[in-house]
Amino acid sequence: MPIGIEDFADIITQGFYYVDKTGMIKELLSNWGKVNLFTRPRRFGKSINMSMLKCFFEVGTDKSLFDGLAISKETGLCEEYMGQYPVISITLKATEAGNFETSRNLIAMEIRDEAERMSFLAESDKLTVGERKSYDSLLQRNIDDGTLYRSLKTLSGLLRKHYGKKVVILIDEYDVPLAKASKQNYYKEMVLLIRNLFEQALKTNSALEFAVLTGCLRVSRESIFTGLNNPKMYTLLDARCDEQFGFTDEEVREMLAYYDLSEYYDITKEWYDGYKIGRANVYNPWDVINWCDQLLTNPNKVPKSYWANSSGNEEVRRFIQRMGNGVTRTQMERLISGETVQKKIEEQLTYDTMYDSVENMWSLLYATGYLTQSETPSGNLVRLTIPNTEVRSIFRDFVLKLFEKKIAGDGTTVSDFCEALKNGDAAKVERAFTDLMKNTISIRDTAVKKEFKESFYHGLLLGILGFKDGWSVDSNRESGDGYYDIAIEIEDESIGIIIEVKYAENETFDAACEEAMNQIRKHDYASILREDDMQIILKYGIACYKKKCRVVMEQEL
């Protein structure tokens, strides 16, 4: 599996699995634009597609790389475009830094590295002495602002002179330095740099054939695209090229079958599918690749959040913190429960203002992949939903963290809850837990699987118990012939507690409590407490629905 491999040629020549996205070339040329911007969430295949475009268009390319791929069937298009252009290809993904000077230098180094790849220009007899000196200026370690602003334009002009052909410019992750700059308080300086660099390369550049840029956000035209003549935008709402980033259901089925993993299709779909781009329904490709790779070494592996763990998920954290300030609990409850909310989406944002309003934050969550459209939008009104179990888990975890912060200040109720739990007072446990649940959202009785609802309330209980000093609390460990939800040992008093949590759909509290108690008895979850010489063993069945609960208890004799 090509984990972390973003070089198209390496994937093809070194035997990595490749999901064919060369159809993007035909769509790109059919929807011709001088400057084309693709916005997609992180880890959705932007970089590998840019590498693929470079390999296709660049003079001297190895045309055999595309043998058997979709684009090879377009013989006329391949004859006209394959290997016909000098290509400048840079990525700004590794140019974020804690201050402007360092970030600027990283951008200059990226462009210098690309210029060094064209070392033949230093000896080109197609260039004048002055033009060769211009090339040398791009290789200097301490490049001045004017030279940096004009660097891509200068390099493309030299390439055109050398080859007698216009140039294709590819800029991957164009907005990464802007994102970091907004956090480190040098946004205005970075905007000025990127604006000048782009205006020179993409607007006043007679050597440009066409350009492709990728990024997470469509940064507003007023911010860095000032003066560009109508760049063609391929956003998440656009049906053009909608299947070229992310994996379709057919592609995932084919991959699973190739590795003899078809039995994992349903859980793969539940965890990593659910994104809607244009008219296409797609999976998160980073997740699918990592998940398949894990299954190949451990067939008993359970799915986890590969995509979520590749960043700090700052967007979700800030969003949830705004509950009560434009984000209502009802809206959060609907989302986490699998329902939808309709919002006006602003596709043009600026990094320095994206957290200024809740309206901007809805748009940000959509653009970055934490929310997706559930149906065809009506203009810029989009019905949003959480795409899958992985992302829902991200929201749940942040809600639980917020819940823990809130109950940290409610020592009395937490103490009452724990004391009642230790004393076997089911009625008082029920009252205290209900009071504590008022500090968070609830899970509605909707389409989300029962296991997720139960794990949410399970998380609430663990959050409460985490504040009790001197108690040993374990979760989801093997005991008897199954796995209990929560086990507590109070060693000083030789008291052991087993808790099983159930979701009481449609407020069927009694049935859910009985199911929990039967599960504790059937699987003998209390066996681990006996092995640890707990003298008093209490067994609790807790049934939850929204912000209500029912608690039953029995003591082992």
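The values are calculated or read from the model by the stated rules, or taken from the named source; none is laboratory data. Predicted model, so just to flag it, every value in this text is computed and none were measured. Quick reminder, even Gly has a Cβ in these numbers, built from the backbone with ideal geometry, and neighbours come from all protein chains shown. Each accessible area value is taken on the protein alone, full model and side chains, heavy atoms only, with ligands, DNA and RNA left out. Shrake-Rupley method; radii C 1.70, N 1.55, O 1.52, S 1.80 Å.
General remarks:
- Taking each residue of the stretch 82-101 that is in contact (Cβ under 8 Å) with a residue 40 or more places away in the chain and looking for partners that are open to solvent by 60 Å² or more (accessible area, probe 1.4 Å) and assigned to a helix (DSSP H, G or I) with beta-carbon atoms closer than 7 Å, six or more apart or interchain, yields PRO86/TYR163; GLY98/GLN184; ASN99/GLN184; PHE100/GLU189.
- Residue within the stretch 58-76 that is under 30 Å from ASN142 (Cβ atoms), open to solvent by 40 Å² or more (accessible area, probe 1.4 Å) and either aromatic (Phe, Trp, Tyr) or outside any loop (DSSP other than H, G, I, E, B) (or both) present: no
- Comparison of ASN309, ASN313 shows that the only residue that is under 16 Å from VAL399 (Cβ atoms) and polar (S, T, N, Q) is ASN313.
- Condition check for LEU65: over 21 Å from ALA207 (Cβ atoms) and aliphatic (A, V, I, L, M): yes
- Residue match in the stretch 284-306 (condition: at pLDDT below 95 and of a type in the set (Phe, Trp, Tyr)): yes
- Of all residues making up the stretch 309-321, the number that are loosely packed, with under 14 Cβ neighbours inside 10 Å and either over 20 Å from the mean Cα position of the chain (by Cα) or of a type in the set (Asp, Glu) (or both): 1
- LEU152, sole failed condition from (1) surrounded by fewer than 22 Cβ atoms within 10 Å (Cβ to Cβ); (2) closer than 23 Å to SER47 by Cα; (3) of a type outside the set (Phe, Trp, Tyr): (1)
- Some residue of the stretch 84-104 being closer than 25 Å to VAL19 by Cα and of a type in the set (D, E, K, R): yes
- Any chance LYS304 is open to solvent by 30 Å² or more (accessible area, probe 1.4 Å) and assigned to a strand (DSSP E or B): no
A quick yes/no check of all residues on (1) modelled with pLDDT under 90; (2) within 26 Å of the chain's Cα centre (by Cα); (3) in a loop (DSSP other than H, G, I, E, B); (4) of a type in the set (D, E, K, R):
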position: LYS188; (1), (2), (3), (4): no, no, no, yes
position: ILE194; (1), (2), (3), (4): no, yes, no, no
position: LEU202; (1), (2), (3), (4): no, no, no, no
position: ASN205; (1), (2), (3), (4): no, no, yes, no
position: PHE210; (1), (2), (3), (4): no, no, no, no
position: ARG221; (1), (2), (3), (4): yes, yes, yes, yes
position: LEU256; (1), (2), (3), (4): no, yes, no, no
position: GLU263; (1), (2), (3), (4): no, yes, no, yes
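- Scanning the stretch 322-360 for residues that are buried (at least 17 other Cβ atoms within 10 Å of the Cβ), without any contact (Cβ under 8 Å) to a residue 40 or more places away in the chain and within 21 Å of LYS547 (Cβ to Cβ) turns up VAL327, GLN331.
- One residue stands out in the stretch 418-463 among those that are among the acidic types (Asp, Glu) and not in a helix (DSSP H, G or I): the one that is least open to solvent (accessible area, probe 1.4 Å), namely ASP445.
- Residues located in the stretch 146-164, provided they are under 13 Å from ILE107 (Cα atoms) and touching a strand residue (DSSP E or B) at 6+ places or on another chain (Cβ under 9 Å): LEU152
- Matching residues in the stretch 106-136 - criterion: being surrounded by 12 or more Cβ atoms within 10 Å (Cβ to Cβ), more than 20 Å from ILE169 (Cα to Cα) and of a type in the set (Ser, Thr, Tyr): SER124
- The residues of the stretch 471-492 that are modelled with pLDDT under 90 and more than 35 Å from the chain's Cα centre (by Cα), listed by number, are SER479, GLY480, ASP481.
- Selection from the stretch 1-19 of residues that are closer than 23 Å to GLU79 by Cα and buried (at least 16 other Cβ atoms within 10 Å of the Cβ): PHE8, ILE12
- Candidates in the stretch 78-105 are the residues that are crowded, with 16+ Cβ neighbours inside 10 Å and among the hydrophobic types (A, V, I, L, M, F, W, C); of these, the one that is farthest from PHE57 (Cα to Cα) is PHE100.
- So TYR283, is it open to solvent by less than 20 Å² (accessible area, probe 1.4 Å) and either in contact (Cβ under 8 Å) with a residue 12 or more places away in the chain or out of contact with any Leu (no Cβ under 6 Å at 6 or more places or on another chain) (or both): yes
- Residues of the stretch 483-524 satisfying the condition of being open to solvent by 10 Å² or more (accessible area, probe 1.4 Å), outside any helix (DSSP H, G or I) and among the aromatic types (Phe, Trp, Tyr): TYR483
- Checklist (1) crowded, with 20+ Cβ neighbours inside 10 Å; (2) out of contact with any helix residue (DSSP H, G or I) (no Cβ under 7 Å at 6 or more places or on another chain); (3) of a type outside the set (A, V, I, L, M) applied to GLY33, failing item: (1)
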